[in-house]
């Protein structure tokens, strides 16, 4: 992508005013999307992007700039620009890059761009057909197929020089059911850090039925009651609450600034003893996994919480410098246009020993949040409000009627202390996570969990 000799010249220029560290991150990528809406292909877009970002660190201060011109003149100009942002005491006199091969744990059998567009379009039509045939209440089906093929290069003044390739494929599907002026939505968005073989492993009829049935079930449901209830939160995407309300507060991006509720709490109990939480970037072909992070460090499996005790944060290079801690391979970025920050990979609550049937049986009156939707979180406090995409009443130890319009309202640090049961049915799900370093693929997950008490927003019972 860029010659080694030029990389060394650029790094020396970037560090020429005494920076403690200089880094270049270059990439070229191809993005493709096909959207089906109202039973027709509405969009088919292919995009290509390439460029490089250069970062220098003076003490605990980082300066970053980027360009989409990979010529020697442009790269040296950017390097000179960041070098002038500050001055250090000792100038790096030489850079000896050693190319290191990266072991690829994310095997690709079928390169997505090599698959005929007609096959991809046919797959979308099959989902659409299945969803619409499932119920005459389906008013709209919106499906998008997306693929990303990305090649990256990372080098720095510590001698690191690595290249990696990444392939992502995903289906984002939703169906809207409508009746009497009311609408409800069913959503399913499977994806993988893999080739097109992942799409071929999916059943389009199953996807169509899933989103249709969810939408229709919620359309015919009564409104959820409001108040404080015990709640069973579903596995897979149910982990989005931990991701948003706790996970971001465990990244050194916030911890190092002291703006996290979990700052200065390593070794202390912050959650119920039945809670173990992990951030793992080493799972083959998993959505949030990588071979190396976007600073060139090997990805890791990081135990964040063990039996309720805080064991580690998610640490990037700059966060590690500020806190005196080693990187956990958590430096991530959307593209060359962003400086890396500490980010989650596949973050989940580990499986426990309980059974979902026992959880339900232990509740006289409560809510089963089978599938979570979107929500909002206050980053500094962890206060959250999440919609329940698919919910049910629990009455006398049994799941009874579906309910809609429910939301879960609480505080992440408080809720993880109120988890009393953790099931043995761990599943992961795929999402996109936005933060300071852009939008990146991130896995969320958990088994079914029981929270003894949480505020449920709904309609006041008469």
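The peptide list 430-436, 68-74, put in order of mean Cβ contacts within 10 Å with the highest first, becomes 430-436, 68-74. Each peptide among 288-296, 57-65, 96-104, 411-419 gets the average number of other Cβ atoms lying within 10 Å of its residues, and from highest to lowest they stand as 288-296, 411-419, 57-65, 96-104. The tail of the calculated P(r) for the chain, taken as Cα-Cα distances beyond 30 Å, holds 50 percent of the pairs. Taking each DSSP H run with n ≥ 4 as -39500 (n - 2.57) and averaging over every residue of the chain yields -5000 deg cm²/dmol at 222 nm. Taking the stretch 46-67 and a reference point 7 angstrom along Cα→Cβ of residue 117, the backbone N atoms nearer than 20 Å belong to 46-49. On the basis of the beta-carbon distance and an R0 of 51 Å, residue 409 and residue 150 show a calculated FRET efficiency of 0.85. Compared with the direct C-alpha span, the chain from residue 257 to residue 378 gains 42.0 nm at full extension, assuming 0.36 nm per residue.
Place a label point 7 angstrom from the Cα of residue 100 along the Cα-to-Cβ direction, then list the residues of the stretch 160-176 whose backbone nitrogen is under 19 Å away. Label zone hits: 160-166.
For the stretch 43-89, what class follows from the C-alpha gyration tensor (a ≥ b ≥ c being the square roots of its eigenvalues): rounded when a/c is under 1.5, otherwise prolate if a/b is larger than b/c, else oblate? Note, shape of the stretch 43-89 comes out oblate. By its C-alpha gyration tensor, with a ≥ b ≥ c as the square roots of the eigenvalues, how is the stretch 162-270 shaped: rounded for a/c under 1.5, else prolate for a/b larger than b/c, else oblate? Since a/c reaches 1.5 but b/c is at least a/b, the shape of the stretch 162-270 is classed as oblate.
Using the count of nearby Cβ atoms within 10 Å as a rough guide to exposure, how do 455, 169, 78 rank from fewest to most?
455, 78, 169
Sorting the segments 160-167, 2-9 by their residues' average number of neighbouring beta-carbon atoms within 10 angstrom, most packed first, yields 160-167, 2-9. Projected label points at residue 81 and residue 398, each 7 Å from Cα along the beta carbon direction, are separated by 6.7 nanometres.
The stretch between residue 222 and residue 358 holds 46.4 nm of extra length on full extension. This uses 0.36 nm per residue minus the Cα-Cα distance.
Between residue 306 and residue 68, the FRET efficiency from the beta-carbon distance, with R0 = 35 Å, is close to 0.20. Computed on the stretch 163-212, with alpha-carbon pairs under 8 angstrom and 6+ residues apart, the relative contact order is 41 percent.
Within the stretch 227-457, all pairs of alpha-carbon atoms sorted by distance into 10 Å bins from zero give the percentages 9, 35, 35, 16, 4, 0. Going by neighbour counts of Cβ atoms within 10 Å, the residues 188, 50, 25, 223 line up, fewest first, as 223, 50, 188, 25. Mean sequence separation of contacting Cα pairs (under 8 Å, at least six apart), scaled by the length of the chain, corresponds to a relative contact order of 16 percent.
Neighbour counts of C-beta atoms inside 10 Å place 172, 437, 342 in the sequence 172, 437, 342, starting with the fewest.
Read the figures in this text as sums done on the coordinates, not as results from a lab. What you see is a predicted model; the values in this text were computed from it and never measured. Here the Cβ is made from the backbone with ideal geometry for all residues, glycine too, and neighbour counts use every protein chain on show.
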